[in-house]
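Before any comments, here is the structure.
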């Protein structure tokens with residue numbers, strides 16, 4: 001069987017966290033004997049074609065010169081178009097480029113199924129290609145395509161995608177509820193993303209990692225993109241109270257994103273430089289020792305001003321697979337993972 005994945009977010013390198021769950025999904029499908037071809041946007045200094053562990057990756061350019069491609073990656077499409085005029089102008093370029101590139105590639109690779117991730121624009125492109133090329137299309141909804149796109153025209157387009165896809169999945173019950181409201185269609189299956197338990201399990205070298213950072217106090221861990229909906233500002237604002245009770249406590253914040261400078265500035269304003277450690281994003285296998293050395297994992301996500309929130313929270317699954325207790329905000333898909341008082345703790349969002 002051959003599957004063609006359409007996406008606007010796929011890791012640009014093994015250390016990149018953008019769309020990392022799609023990389024893991026692709027690896028798992030390959031292990032099951034499925035041929036996987038990924039079509040994703042190009043980014044400056046990326047290769048146009050690559051093969052990672054038998055995953056064939058095709059990256060299409062959507063603006064020239066390539067160094068000015070600003071719509072995808074970083075904070076994500078929804079936020080990029082709100083903050084960058086050039087990104088807004090690139091949106092139609094992306095849709096047109098992705099459609100014609102996918103049309104040519106799908107004719108060439110002849111997949112058995114198109115798997116579109118995010119309803120817009122991939123789902124819309126997928127259902128058009130389905131009509132033109134007679135290839136079944138499955139659309140997976142991840143949350144931002146419902147939370148962040150609430151205008152009348154986007155709702156109409158999302159409804160069209162949901163009705164015309166051969167199957168439609170959502171990554172959590174919260175996302176599925178929104179999709180059913182938008183699509184007026186109950187035929188949406190909840191299929192959450194999983195984690196590779198062969199990769200994510202308690203590491204033996206967590207003690208040496210503590211020695212590397214020269215501390216012995218309790219460790220709070222966050223992993224993810226440094227963007228507003230992750231609520232990291234509330235974790236940092238809570239640290240003075242934690243440090244007052246546990247002076248040696250440290251919060252490790254692992255990830256990259258547009259809010260990093262602001263978060264570092266907040267840490268300095270609160271005089272927490274010794275208690276908050278920022279580490280750039282890293283390859284998934286390199287995260288395991290950090291999960292293993294931590295005492296607790298925190299995902300303080302919020303519903304931001306654009307109505308976006310956590311679609312699922314795969315990092316919680318990774319932490320739990322490594323035997324780490326977890327706390328998450330009671331928003332979005334997080335309650336699908338955390339049963340309060342049983343598998344972790346649910347906290348009120350924006351609380352510190």
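Read the figures in this text as sums done on the coordinates, not as results from a lab. Everything quoted here is computed from the prediction, not taken from an experiment. Reconstructed Cβ throughout: ideal geometry from the backbone, glycine too, with neighbour counts over all protein chains shown.
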Packing rank of 132-141, 99-108, where each peptide gets the mean count of other beta carbons within 10 Å, highest leading: 132-141, 99-108
CD proxy at 222 nm, helix term only [per DSSP H run n ≥ 4: -39500 (n - 2.57); per residue of the chain; nearest 500]: -11500 deg cm²/dmol
Residues of the range 130-169 with amide N under 15 Å of a point placed 7 Å along Cα→Cβ from residue 181: 143-152, 155-156, 159
Hydrodynamic radius of the chain per Kirkwood, over alpha carbon pairs, in Å: 21.1 Å
Crossing angle, helix 284-293 versus the chain [Cα axis fit, 0-90 degrees, rounded to tens]: 30 degrees
The range 2-190: antiparallel DSSP beta bridges as a percent of all, rounded to 5: 15 percent
Cα-projected label distance for residue 83 with residue 279, points at 7 Å along beta-carbon direction, nm: 2.4 nm
The chain: angle of helix 152-164 to the longest principal axis, Cα-based, in degrees nearest 10: 70 degrees
Normalised contact order of the chain, rounded percent, pairs of Cα under 8 Å and 6 or more residues apart: 14 percent
Over the range 206-347 - Rg/Rh using Cα atoms and the Kirkwood inverse-distance radius: 0.94
Rg to Rh, two decimals, where the range 2-190 supplies the alpha carbon set and Rh follows Kirkwood: 0.94
Most mobile listed residue (72, 46, 322) in the chain, GNM with C-alpha springs under 10 Å: 46
Cα long-axis angle, helix 173-183 against the chain (0 to 90 degrees, to the nearest 10): 30 degrees
Relative contact order of the range 2-190, defined on C-alpha pairs under 8 angstrom at six or more residues apart (%): 17 percent
